[in-house]
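First the structure, in the form of structure tokens, and then the observations on it.
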Amino acid sequence: MIVRQHPRFHASFSGTLIHRRERHAISKSHDLSRRGCRVKSTCPAYTGMKVDLLLMLPNNKIPIVIQGAVVRWSGAEGIGIEFPS
């Protein structure tokens, strides 16, 4: 059993994942926590990869910008991204 430091919440948002100035659409969001999220994207992600995120939450016109996030895992279940502290 995995014990998480922060609870996960189902979240529905769109956005953009940016790596080396290339933008990749976030096609689906799965969950969100205080320290990270799990998304689906066309980005060929790998563990340790640094990314910036532009997250568009429902009813918000301005995206939430997260710089310096790190891909912790990627696979068939999506991309697990940890936010910087």
I'd like the full set of residues that are at pLDDT 95 or above and farther than 13 Å from THR16 by Cβ, limited to the stretch 46-71.
TYR46, THR47, GLY48, MET49, LYS50, GLY68, VAL70, VAL71
Could you grab me the full set of residues in the stretch 1-54 that are within 13 Å of SER74 (Cβ to Cβ), more than 12 Å from the chain's Cα centre (by Cα) and open to solvent by 50 Å² or more (accessible area, probe 1.4 Å)?
THR42, PRO44, TYR46, THR47
Is there any pair with a first residue in the stretch 55-77 that is in contact (Cβ under 8 Å) with a residue 24 or more places away in the chain and open to solvent by 90 Å² or more (accessible area, probe 1.4 Å) and a second that is acidic (Asp, Glu) and in a strand (DSSP E or B) whose Cβ atoms are under 8 Å apart and which are 6 or more apart or on different chains, and what are they?
ARG72/GLU82
Hits in the stretch 28-56 - residues which are within 16 Å of ARG8 (Cβ to Cβ) and of a type in the set (A, V, I, L, M, F, W, C)
LEU32, CYS37, VAL39, LEU55
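The values are calculated or read from the model by the stated rules, or taken from the named source; none is laboratory data. These numbers come from a predicted model, not from an experiment. All Cβ positions, glycine included, derive from the backbone under ideal geometry; neighbour counts span all protein chains shown. Accessible surface areas use protein heavy atoms only, side chains included; no ligands, DNA or RNA. Shrake-Rupley method; radii C 1.70, N 1.55, O 1.52, S 1.80 Å.
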